[in-house]
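Written below as structure tokens is the structure these notes are about.
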Amino acid sequence: MTRLLLSACLALWLAACAATGSTTAERPAPHVSVARNIPLGRYRALAVVMPEYLETRPDMVTRLANLGIFDQVLRSEDLPRFVARHGLQGRVTDLRKWGGYQSLARAYKPFLIVWFDCLDGRDGVRYQLGVRRADTLDDVYVGDVLVRPAAQRDLLGLLTLGAGMRPSNCWGATDHGAVDGLFDSMSQWMRANLPGATPPSSVPAPGEGQSGT
């Protein structure tokens, strides 16, 4: 029964892709809406990866660590132990709120927060990857990429509804090719903001780099 259900789901997905003419190879390049020039050298002590839909979040931590930019890369769940290890309990507020991250940045060192989101909008399903400064809570990098055009999403929704299934359009968020493109774009932005690097001449205007939508 399970094998039959999986086969049916695969057939429905392929039918939706064929009907809309959409393939992974046709995915547009990441659209960068925010890419600020910042003194990244101030933020190299720590990077924190927030919870999100991605099933491969440990891999995101590993990827960031492998860039060789940050002294430590932690999951957000690791922060209470990090605070206790550094004896900062009395100086850090509730880490379930953004104010807690600000207090940690003041008590320890400025650091960056890497977050992921899946957006189900009018033009389709998009993955979004961003970087936020913990000390100011402003986003300094935001990139997104269209992973499922609206026509494909809507057709797939009709097919799965007819089969008695109605998964969220962001369920799983496991289009790894899209994540690869977003991560590459983000890492290029990080390297361009390292001390001694030539910073980008300007911030891309909203919509720049976006195609196929």
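The values are calculated or read from the model by the stated rules, or taken from the named source; none is laboratory data. This is a predicted model, so every value here is computed, not measured. Don't worry about glycine lacking a Cβ; one is built from the backbone with ideal geometry, like all the others, and counts go over all protein chains shown.
Here are the numbers:
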| item | result |
| --- | --- |
| Search result, residues across region 84-115 that are without any contact (Cβ under 8 Å) to a residue 24 or more places away in the chain and either in contact with a Gly (Cβ under 8 Å, 6 or more places away or on another chain) or of a type in the set (Val, Ile, Thr) (or both) | Val92, Thr93, Asp94 |
| Gly87 being more than 25 Å from Pro195 (Cα to Cα) and at pLDDT 95 or above | yes |
| Odd one out for Leu54, checked against (1) surrounded by 14 or more Cβ atoms within 10 Å (Cβ to Cβ); (2) at pLDDT 95 or above | (2) |
| All positions within region 152-173 that are at pLDDT 55 or above and surrounded by fewer than 16 Cβ atoms within 10 Å (Cβ to Cβ) | Ser168, Trp171 |
| Residues (of a type in the set (Ser, Thr, Tyr) and surrounded by 15 or more Cβ atoms within 10 Å (Cβ to Cβ)) located in region 57-77 | Ser76 |
| When residues of region 78-111 are limited to those that are among the aliphatic types (A, V, I, L, M) and crowded, with 17+ Cβ neighbours inside 10 Å, the one nearest to Val131 (Cα to Cα) | Ala105 |
